[in-house]
Amino acid sequence: MMNSKPLVSVIIPTFNRLEVLKRAILSVENQTYSNIELIVVDDGSSDGTGDFLNKNSIKFFTLDKNRGVSFARNFGVARSKGEYIAFLDSDDEWLEDKIAKQINFLNKNIFRWCHGEEIWVRNGIRVNPMKKHKKGGGDQFLPSLNLCLISPSTVMMEKSLFDEFGGFKEDFIVCEDYDLWLRILNLYKIGFIEDHLIKKYGGHEDQLSRKYFAMDEYRITTLIYLLENGNLTKDRRVEVGKVLKLKSEILYKGFIKHKNAPKALYYEKLLKNKNYFS
């Protein structure tokens, strides 16, 4: 990697994942494109991550305590020097030409950001995504309402675009990517590379999507934000309202079943709010 001003800054947030972090770092170092700045943000690890990074002369910052992936990514971006930023989760791995393909794509197109296909590996076995996970480019706002279709580890974007939207919301423990991508997609289309760019590993115990119940609560917060602040077109407002209603009904029934009266009451009131539903 070059010592001159980098074109691409790579941000890896990590928390107690030293062994898989080594694989992620190696996949950055093995990129065919070299004008890269790598920044690792150690989010309060206690497994020797800092010692490893220091010993191997890898640029890193250690946070005083675990602050979450949103804070860690924002922290890294704020200290980056590249024109573009690319994210890599510490449990994922880039294919060697990932950055080269994205630089070439962005140079030839008008998009300010792009993503691509991914190889899924779960518990050591390659699996195929379901139809609902089908990715695409262009106007991806409506397809992305039900669930996040853009993997952070595949994204490259102009740093100025990230800054324009204030980065990831740091009070989001999960679904922070769903939130930021939708806020951007409401105004900007996204480029799509049909090639596989990364290997995405799942099935391990500390995977965030397995640790938190009712993740749709965070998605609902985003949908409400879009309805209140997103300057949506009429058609988009209707579609956001439909998804908000569906997710709220599911959570309402779930909290009734689990005898969580305060949560159930919240969603009961939400479903009666005529400002959100056409």
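A few comments on the model shown:
Per-residue answers, yes or no, for (1) modelled with pLDDT of 95 or more; (2) within 20 Å of LYS135 (Cβ to Cβ); (3) hydroxyl-bearing (Ser, Thr, Tyr):
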position	(1), (2), (3)
TYR178	yes, yes, yes
ARG183	yes, yes, no
ILE190	yes, yes, no
LEU223	yes, no, no
ASN231	no, no, no
GLU249	yes, no, no
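- Residue in region 122-133 that is in contact (Cβ under 8 Å) with a residue 40 or more places away in the chain and either open to solvent by less than 60 Å² (accessible area, probe 1.4 Å) or within 27 Å of LYS5 (Cβ to Cβ) (or both) present: no
- Residues in region 225-250 that are under 20 Å from TYR178 (Cβ atoms), in a helix (DSSP H, G or I) and open to solvent by 20 Å² or more (accessible area, probe 1.4 Å): TYR225, GLU228, ASN229, ARG236, ARG237, VAL238, GLU239, LYS242, LYS245, LEU246, GLU249, ILE250.
- Some residue of region 185-206 being free of Cβ contacts under 8 Å to residues at least 40 places away in the same chain, open to solvent by less than 40 Å² (accessible area, probe 1.4 Å) and outside any strand (DSSP E or B): no
- Boolean, PHE162 is out of contact with any Asp or Glu (no Cβ under 9 Å at 6 or more places or on another chain) and not aliphatic (A, V, I, L, M): yes
- When residues of region 25-44 are limited to those that are assigned to a loop (DSSP other than H, G, I, E, B) and touching a Leu at 6+ places or on another chain (Cβ under 7 Å), the one least open to solvent (accessible area, probe 1.4 Å): ASP43
- Subset of region 156-184 [acidic (Asp, Glu) and either on the phi > 0 side of the Ramachandran plot or part of a helix (DSSP H, G or I) (or both)]: ASP163, GLU164, GLU176, ASP177, ASP179
- Counted residues, region 52-68 - those being farther than 22 Å from VAL8 by Cα and exposed (fewer than 11 other Cβ atoms within 10 Å of the Cβ): 3
- Some residue of region 81-104 being under 22 Å from LYS159 (Cα atoms), exposed (fewer than 15 other Cβ atoms within 10 Å of the Cβ) and free of Cβ contacts under 8 Å to residues at least 60 places away in the same chain: yes
- Restricting attention to region 91-112, the residues that are of a type in the set (Phe, Trp, Tyr) and outside any loop (DSSP other than H, G, I, E, B) total 2.
- Listed by first and then second residue, the pairs with beta-carbon distance under 7 Å, at least 6 apart or on different chains, first residue in region 4-19 and of a type in the set (Phe, Trp, Tyr), second at pLDDT 95 or above, are PHE15/ASP43; PHE15/GLY44; PHE15/SER45; PHE15/ASN66.
- Evaluating GLN140 against the criteria (1) in a loop (DSSP other than H, G, I, E, B); (2) over 29 Å from GLU29 (Cβ atoms); (3) under 14 Å from the mean Cα position of the chain (by Cα) leaves one unmet condition, (3).
The values are calculated or read from the model by the stated rules, or taken from the named source; none is laboratory data. Note that this is a predicted model, so its numbers are computed, not measured. When we count neighbours, we look across all protein chains shown, and the Cβ atoms used for this are built from the backbone with ideal geometry, even at glycine. Please note that ligands, DNA and RNA were not included when accessible areas were found on the heavy atoms of the full protein model with its side chains. Shrake-Rupley method; radii C 1.70, N 1.55, O 1.52, S 1.80 Å.
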